[in-house]
Amino acid sequence: MKTYITSSATVLPSAKTVGANENSAYLSDVNYAEYIEPKLLRRMSKVIRMSVAAAKIALREAGLENPEAILVGTGLGCLTDTQRFLTDMCSAEEGVLSPTAFIQSTHNTIAGQIGLLLECNGYNSTYSDRAHSFEQALLDAQLHLLEGSDNILVGAADETVDLVENVVRSINETGNSSGVTKDYFLGEGSSFFVVSDKKKLNSIELKGLKLMPRTNPSELQAVLTDFLSSHSIAPNEIDLIILGDWPNTGDKYYAAFREVFNNSIPTAFYKKQSGHYFTSSAYALHLGCHILRTQSIPESISGTHPPEQILQNILIYNHYKANKHSFCLISK
Amino acid sequence: MGQFINKLKLEIIEALNLEGVEPDEIDASAPLFNSSLGLDSIDALELIVLLERNYGIKVTDPDEGREIFHSVNTIAEFVKANQK
Amino acid sequence: MSGRIFITGIGITSAIGMDVASSLDSLIKMRHGMTLPTFLPTRHADFHVGEVKASNNELCTILEMKKNFPVSRTTLLGCVAGAEAIAMSGIKPETIRNELHFINGTSVSAMDISEKAFQKMIGGESVDYQRWFSRHDCGKTTDFISEYLGFKNLTTTISTACSSGANSIMQAGRNIKHGIYDLALAGGTDALSLFTLNGFNSLKILDKDWCKPFDIDRKGLNLGEGAAYLLLESEKSILKTGSKPLAELAGFGNANDAYHQTASSPEGIGATLAMQKAFETSAIKPGSIDYINAHGTGTENNDHSESIAIRNVFGDKTPAYSSTKAYTGHTLAAAGALEAVISVLAIRENLVFPNLNLDTPIDIIGAPVLKLENKAVNTVLSNSFGFGGNCTSLIFRTV
């Protein structure tokens with residue numbers, strides 16, 4: 001059974017772009033009223049609005065009214081409403097409290113609201129496991145295809161609030177700062193995909209998805225080598241690697257990963273656009289699909305050696321603090 | 001009363017997050033629920049919170065709540081009659 | 001290999017007992033665990049809750065855990081129940097540390113810690129963010145439990161509110177059935193927190209007094225806390241580990257109500273679909289069900305909607321049913337897992353556990369079981385419904 005990405009869409013308010021002629025893979029400025037009626041929009045925080053819009057665009061591009069299942073990943077959930085309810089509760093000392101922020105704060109509100117809007121009674125689930133949140137949802141999508149379902153809507157989103165900025169800054173300043181450089185910034189965004197086991201006109205094949213728990217660099221290289229050979233692809237057949245790193249961090253895992261490939265392999269750093277958030281690897285996948293479709297790499301994320309040849313195979317690698325490693329291989 | 005009705009409308013718009021709705025778009029005598037505003041049971045709870053926070057009035061009986069929240073006018077009358 | 005999913009270990013901790021033996025004893029003796037709060041530092045001291053009868057310090061002692069940072073109660077409860085499930089299987093943890101997939105459901109995660117820090121911040125105190133917030137998220141709760149139990153393989157964390165635990169078990173089941181992996185520890189954990197107590201109170205769906213599931217005069221739910229896990233193995237795995245099946249996970253189904261964010265549809269659409277899907281995956285017919293462990297929270301909305309859904313599926317032949325939430329309270333993400341363990345106990349012991357605190361039943365599907373019943377229990381249906389319209393049904397069968 002093969003897995004195809006029929007369509008994808010991203011809303012990325014935090015996007016940083018450089019260069020006037022960017023071939024934008026994402027939307028940063030969305031008129032949400034086009035996608036969501038006012039009586040529902042009024043309660044929706046950023047993370048839900050972004051997700052409903054991205055989900056609807058992905059479905060529209062796939063020519064679908066309704067998916068058979070809705071799967072969402074989110075690392076930190078609905079933070080705006082969590083913070084709002086907490087603030088309210090602490091200030092009022094558990095007195096009279098507004099219920100809206102509470103009901104909007106549960107992690108599965110994103111998937112639930114999409115299901116509600118689409119009137120979709122299909123399977124609906126939410127994964128929340130740091131930098132594997134999206135990947136767990138994507139694995140579940142593949143399992144659905146194996147079970148005979150089709151047209152699965154799968155996506156991921158995270159938003160940031162002041163408190164998170166403060167927490168992360170504080171943690172980074174106390175020295176737990178692998179992967180942090182002067183380029184580092186926190187982002188937020190939502191990416192959604194329609195996946196199918198049937199190839200369509202603009203489909204991109206999701207050839208392989210491999211998750212690993214905590215590991216060491218040499219074990220990572222061994223697994224990567226196995227992963228590539230299990231998909232009958234040699235390292236020199238990978239046309240572009242997209243990394244969840246920033247340039248020149250000295251991260252030993254990204255270094256070990258790159259050693260498997262030629263020094264001159266074209267490399268892109270998606271977080272230069274998206275910033276860091278737990279589910280930003282969903283943007284990386286959307287970006288990879290966009291690059292394969294348009295055969296062009298945005299200036300702002302390209303790190304080294306822009307390619308001259310046709311782009312056929314892209315490999316995405318991400319990890320979080322030496323844990324939650326993922327390889328994602330896509331092909332045109 | 002007119003000024004109070006207007007103030008109440010603004011408070012309702014804020015409490016229920018009715019983005020883009022202006023006070024003069026809400027007919028003070030028309031039913032709030034089962035209307036184009038699309039209010040639901042959560043909004044009824046928010047109105048109970050509004051009454052308690054802004055006017056110190058506790059509504060504990062949901063049946064009573066249904067009558068009070070019928071329209072902006074009925075809310076205004078209830079507040080005037082019960083405000084501490 | 002058959003794709004069958006065997007349960008070879010169970011672990012549970014809740015208001016009715018720290019482990020399986022004490023929980024079963026409480027269930028049999030109709031001894032509920034609902035009290036006024038003793039550990040939860042809430043102003044709502046007159047609300048009945050289902051607390052695990054141990055402080056965090058006592059839990060740390062049981063777990064032989066010494067940490068120099070505050071450890072979430074959700075995590076502690078998960079460690080206790082997870083350890084019991086593994087121990088019951090008789091499998092040595094170090095022999096499965098690279099094979100076992102840990103699938104955990106949680107909605108509170110470390111909010112019990114974060115809200116304390118938040119209170120300090122609101123009060124103007126400065127807070128060490130690393131100490132208080134770096135373990136807040138659901139994924140970290142799962143990682144912490146996994147590391148404590150000695151596992152090195154992948155984890156999965158599901159957060160779908162009140163159906164999380166059931167969805168974790170279903171997810172493990174689907175993966176084992178299709179040969180993706182062979183061995184999983186699946187379930188859920190949630191501790192009581194001010195966030196959830198005040199949140200449910202703001203929705204006005206809590207009963208201050210002891211809850212009355214399926215009673216015509218029910219006023220709402222009582223919150224509880226707890227953790228429960230099932231050790232699930234494929235046939236291939238059992239041949240290797242030599243463990244003895246306690247029961248089988250025979251079917252599962254998830255559907256979305258798509259009606260309202262928090263309320264269930266009056267026609268019980270999502271619940272009906274979830275039960276129907278569970279039957280479809282199991283090749284078991286409704287007529288074979290000996291006992292339904294209902295979601296039965298005690299809210300006006302759920303108990304009505306679930307009754308309609310049961311009638312939709314079973315017609316006028318409703319099997320024996322009960323809600324056990326008057327024993328434990330509604331343990332949110334742990335509920336589906338707690339009730340999975342209770343379902344397995346029903347099968348093992350041939351007992352139907354009663355629906356406590358009911359005076360007058362709703363007149364839709366007849367009364368639930370009110371006293372402990374001794375009868376052959378070969379198949380059990382367990383329901384869990386969460387916010388966001390998330391409905392999950394699991395079917396368990398004797399082996």
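The values are calculated or read from the model by the stated rules, or taken from the named source; none is laboratory data. Since we're looking at a predicted model, the values are computed, not measured. No Cβ is skipped: glycine too gets one built from the backbone with ideal geometry, and neighbour counts run over all protein chains shown. Accessible surface areas use protein heavy atoms only, side chains included; no ligands, DNA or RNA. Shrake-Rupley method; radii C 1.70, N 1.55, O 1.52, S 1.80 Å.
In table form, for the structure just shown:
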| quantity | calculated |
| --- | --- |
| Test result for C:Ser237, under 26 Å from C:Arg397 (Cβ atoms) and outside the structural domain of C:Ile342 (by TED's automatic domain parsing) | yes |
| Residue match in region A:237-255 (condition: modelled with pLDDT under 95, of a type in the set (Gly, Ala, Ser) and either within 26 Å of A:Lys2 (Cα to Cα) or within 16 Å of the chain's Cα centre (by Cα) (or both)) | no |
| Hits in region C:135-146 - residues which are farther than 23 Å from C:Asn256 by Cα and either in contact with a Lys or Arg (Cβ under 9 Å, 6 or more places away or on another chain) or open to solvent by less than 10 Å² (accessible area, probe 1.4 Å) (or both) | C:Asp137, C:Gly139, C:Lys140, C:Thr141, C:Thr142, C:Asp143, C:Phe144, C:Ile145, C:Ser146 |
| Test for A:Arg49: is it charged (D, E, K, R) and either in contact (Cβ under 8 Å) with a residue 60 or more places away in the chain or more than 14 Å from chain B (Cβ to nearest Cβ) (or both) | no |
| Residue in region A:127-139 that is facing another protein chain (nearest Cβ under 9 Å) and in a strand (DSSP E or B) present | yes |
| Check on B:Leu37, closer than 27 Å to C:Asn198 by Cβ and either open to solvent by 30 Å² or more (accessible area, probe 1.4 Å) or within 13 Å of the chain's Cα centre (by Cα) (or both) | no |
| All positions within region A:140-174 that are among the polar types (S, T, N, Q) and in a loop (DSSP other than H, G, I, E, B) | A:Ser149, A:Asn151, A:Thr160, A:Thr174 |
| Set C:Leu232, C:Leu239, C:Leu221: member being of a type in the set (A, V, I, L, M), away from chain A (no Cβ under 14 Å) and open to solvent by 30 Å² or more (accessible area, probe 1.4 Å) | C:Leu239 |
| B:Asp27, sole failed condition from (1) closer than 20 Å to A:Lys39 by Cβ; (2) surrounded by 16 or more Cβ atoms within 10 Å (Cβ to Cβ) | (2) |
| Flag for C:Ile91 being more than 21 Å from the chain's Cα centre (by Cα), in a loop (DSSP other than H, G, I, E, B) and among the β-branched types (Val, Ile, Thr) | yes |
| Scope region A:304-314; condition in a strand (DSSP E or B) and either in contact with a helix residue (DSSP H, G or I) (Cβ under 8 Å, 6 or more places away or on another chain) or acidic (Asp, Glu) (or both); matching residues | A:Asn313, A:Ile314 |
| The one condition in (1) surrounded by fewer than 23 Cβ atoms within 10 Å (Cβ to Cβ); (2) touching a residue at least 24 places away in the same chain (Cβ under 8 Å); (3) of a type outside the set (S, T, N, Q) that A:Arg258 fails to fulfil | (2) |
| Test: residue in region C:157-175 that is assigned to a loop (DSSP other than H, G, I, E, B) and surrounded by fewer than 24 Cβ atoms within 10 Å (Cβ to Cβ) | no |
| Within region C:283-303, considering residues that are away from every other protein chain (no Cβ under 14 Å) and surrounded by fewer than 22 Cβ atoms within 10 Å (Cβ to Cβ), the one nearest to C:Leu27 (Cα to Cα) | C:Asp290 |
| Region A:155-180: number of residues that are under 19 Å from A:Gly244 (Cβ atoms), β-branched (Val, Ile, Thr) and either open to solvent by 30 Å² or more (accessible area, probe 1.4 Å) or at pLDDT 85 or above (or both) | 3 |
| Hey, A:Leu311 within 15 Å of A:Asp239 (Cβ to Cβ) and buried (at least 22 other Cβ atoms within 10 Å of the Cβ) or not | no |
| Segments classed as helices (runs of 4 or more DSSP H), wholly inside region A:234-299, with at least 3 members that are aliphatic (A, V, I, L, M) and not assigned by TED's automatic domain parsing to the domain that holds A:Leu153 | A:280-294 |
| Exclusive hit being part of a helix (DSSP H, G or I), of a type in the set (A, V, I, L, M) and crowded, with 24+ Cβ neighbours inside 10 Å, set A:Ile70, A:Ile114 | A:Ile114 |
| Candidate set from region A:73-111 (those that are at the interface with another protein chain (Cβ under 7 Å from one of its Cβ atoms) and either in contact with a Cys (Cβ under 6 Å, 6 or more places away or on another chain) or closer than 17 Å to A:Val194 by Cα (or both)); member that is surrounded by the most Cβ atoms within 10 Å (Cβ to Cβ) | A:Ala111 |
| Number of positions in region C:99-132 that are outside any helix (DSSP H, G or I), surrounded by fewer than 17 Cβ atoms within 10 Å (Cβ to Cβ), at the interface with another protein chain (Cβ under 10 Å from one of its Cβ atoms) and not acidic (Asp, Glu) | 1 |
